[in-house]
Amino acid sequence: MKIDSVKPGTPKRATYLSLIAVLLFMGCLNYAVVFNGMQVKDTVWALTPPLIAISLALITKEVYSSLFIGILSGALLITDFEPVGMLNQLFPNGMMTVLADKWNVGILVFMVILGTMVQLMNRAGGSTAFGVWAAERIKSRAGAQLSTMLLGCLIFIDDYFNCLTVGSVMRPVTDKHKISRAKLAYLIDSTAAPICIIAPISSWAAAVAGFVKGENGISIFVQSIPFNFYALLTLLMMVFIILMKLDYGPMLLHENNARKGDLFTTGKSKQAQEESRKETRTGRVSDLIVPVVLLVFGCVVGMIYTGGFFQGKSFVDAFAASDASVGLVMGSAVALVITIAYYLVRQSLSFSECMDCLPEGFKQMVPAMLILTFAWTLKSMTDNLGAATFVAGVVANSAGGLMGLLPAIIFVVATGLAFASGTSWATFGILIPIVVSCFQEIDPQLMIISISACMAGAVAGDHCSPISDTTIMSSAGAQCEHMNHVTTQLPYVMTTAAVSFLTFLVAGFTKSAVLSLAFGIVVLFLLLMFIRRKL
């Protein structure tokens, strides 16, 4: 049956013009640096590589070449446009270095293991069985979306784990109810980082606690939760748009096409086609539930193990000291072995079929792994240029006389930095120590609100950045074209971020979480009602 759907596209002229603009811009920078001795390091020009990559990705809708051009511009700026030095910076000191990093390798291995487990669940028919079971109980599109959101909220341990697990479990359900893959990616992304940043027991809480020097990090984190307006309003935003059946921006096109049967809008990916062909048998619901439970339990145990839980530390302290990368790899590896044994005992799969899932799981994750590698390399270039130092200096110099306005300003700065760098952790790692040093002795309550603004802004910027690892993994989890996810999610993020900015303005002067959050909820609801009337 022919599907009558609308396909968005990017005019070739816009792509060519954007590339010409980048060439001209880099030529001007070359002249300024080489002939006029202009300094790039620790200045605003250090933000050039990520801004080029993000701009090209949004214009051309092609993420690989955009990221590579951003990396190339960073290498040129670091080496003052010297060709041989640029090549060294690009490969030995760039991509090869980030791929040798223990943390990065751990995340890539974790992704391969998760991809393998998804393939195992599909081959055994667990995903099909769960889809049939859920279809009997979830009767509407709203119910399927709320169920996806609920599962995302329950998996609060780690955002990487959240993205890939929720996607693999809920794809059959959302496909059954003709929910676009872009909408599924948005639901995954909007519960991954936002729920992790307000969960006291998560890898994010452990990271934040480590950045708060001279204070009880976990206690500060808990106190900041009611003021983390972006995370709270994002979760509420999902409930509003689901119950109001409201979609706008590019997401409206994707959802309209999905109702006609086209879940992808820009064409079904080869990866999704191959997976649907392989998932031919119907197993039991337990063929999906058991591996997921093993995965959750294994990852939790792995994380607290790396934090010293079995050496006498408390559960919370062990989480605060955990190495998420190592813990997730160890826990998921054990879960994978037990899952294979489970399928063999049940005779759901033969041993050769289980082994076939290993390379298939790797192949499934290759696009996300490639984008992550480019994103990490781009971040390395930006770090070497001193972008973090420049932003930290701007914030520190402006902190003195702003006081009540500071939380809202910190939120904007954190959003911009996370959007440009593609990382939440580095963003609040830069800004939280500055906030603590500025307000630790002057106004402890304002310090808590400003720390919340750091975390909220970091999540907001990370949430809409094409080079964010969480955004990339949400696309992978939903098996959605990455730029489709970015462009459809951006208007929703901007809506929530704008309301969060106003809410932080109120919080800066009232210092009341209840009053500020109530204000934010009312403004968000009224804004969505206004958007609904305009459609």
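The values are calculated or read from the model by the stated rules, or taken from the named source; none is laboratory data. None of these values were measured; they are calculated from a predicted model. Cβ atoms come from the backbone with ideal geometry, glycine included; neighbour counts cover every protein chain shown. Accessible surface is based on the protein model in full, side chains and every heavy atom, while ligands, DNA and RNA are left aside. Shrake-Rupley method; radii C 1.70, N 1.55, O 1.52, S 1.80 Å.
Things worth noting here:
- L72 accessible area, assembled protein chains, probe 1.4 Å, Å²: 60
- Given R0 = 35 Å, the distance between the Cβ atoms of V105 and I289 translates into a calculated FRET efficiency of 0.70.
- For the chain, the per residue solvent-accessible surface stands at 39 Å², with DNA, RNA and ligands left out and a 1.4 Å probe.
- For S465, S512, the ranking by accessible surface with the largest value first comes to S512, S465, using a 1.4 Å probe.
- Nearest-20 debye value, the chain charge dipole, Cβ charges on Lys, Arg, Asp, Glu: 1840
- Inter-site label distance for F315 and K139 at 7 Å from Cα along Cβ, in nm: 3.7
- Sequentially through the stretch 169-181, phi angles give Karplus couplings (6.51, -1.76, 1.60; θ = phi - 60°) of 6, 9, 4, x, 6, 5, 5, 4, 9, 6, 9, 4, 5 Hz, Gly and Pro residues having no value and appearing as x.
- In this simple spin-label model, placing a label point 7 Å from the Cα along the Cα-to-Cβ direction at both V44 and A518 gives a separation of 4.1 nm.
- Accessible surface ranking for V493, V523, 1.4 angstrom probe, highest first: V523, V493.
- Estimated FRET transfer efficiency (R346, N36; beta-carbon r; R0 51 Å; 0.05): 0.10
- F351 - accessible surface, heavy atoms, 1.4 Å probe, Å² rounded to 10: 120
- Förster radius 22 Å - calculated FRET efficiency between F509 and M529, Cβ distance, rounded to 0.05: 0.25
- Site pair L405 and V222 shows an inter-label distance of 3.6 nm when each label is modelled 7 Å from Cα along Cα→Cβ.
- For the stretch 256-263, 3J(HN,Hα) computed residue by residue from phi via the Karplus equation (6.51, -1.76, 1.60; θ = phi - 60°) reads 5, 5, 5, 5, 8, x, 9, 7 Hz, glycine and proline entered as x.
- Ligands, DNA and RNA aside, E62 has an accessible area near 70 Å² when probed at 1.4 Å.
- Full extension of the chain between M355 and L246 gives 34.8 nm of extra length, using 0.36 nm per residue less the Cα-Cα distance.
- Per-residue ³J(HN,Hα) for the stretch 442-458, Karplus 6.51 cos²θ - 1.76 cosθ + 1.60, θ = phi - 60°, Hz, x for Gly and Pro: 7, 8, x, 5, 5, 4, 4, 5, 5, 5, 4, 5, 4, 5, 5, x, 4
- Furthest towards positive pole of dipole, I242, F161, A375, structure part the chain, Cβ charges: I242
- Taking 0.36 nm per residue of separation and subtracting the current Cα-Cα distance, fully stretching the chain between L51 and T97 would add 14.3 nm.
- Dipole-positive endmost among F130, F25, M96 within the stretch 1-149 (Cβ charges, Cα centre): F130
- Amide H within-cut-off set for G386, under 5 Å, with H built and near neighbours excluded: D42
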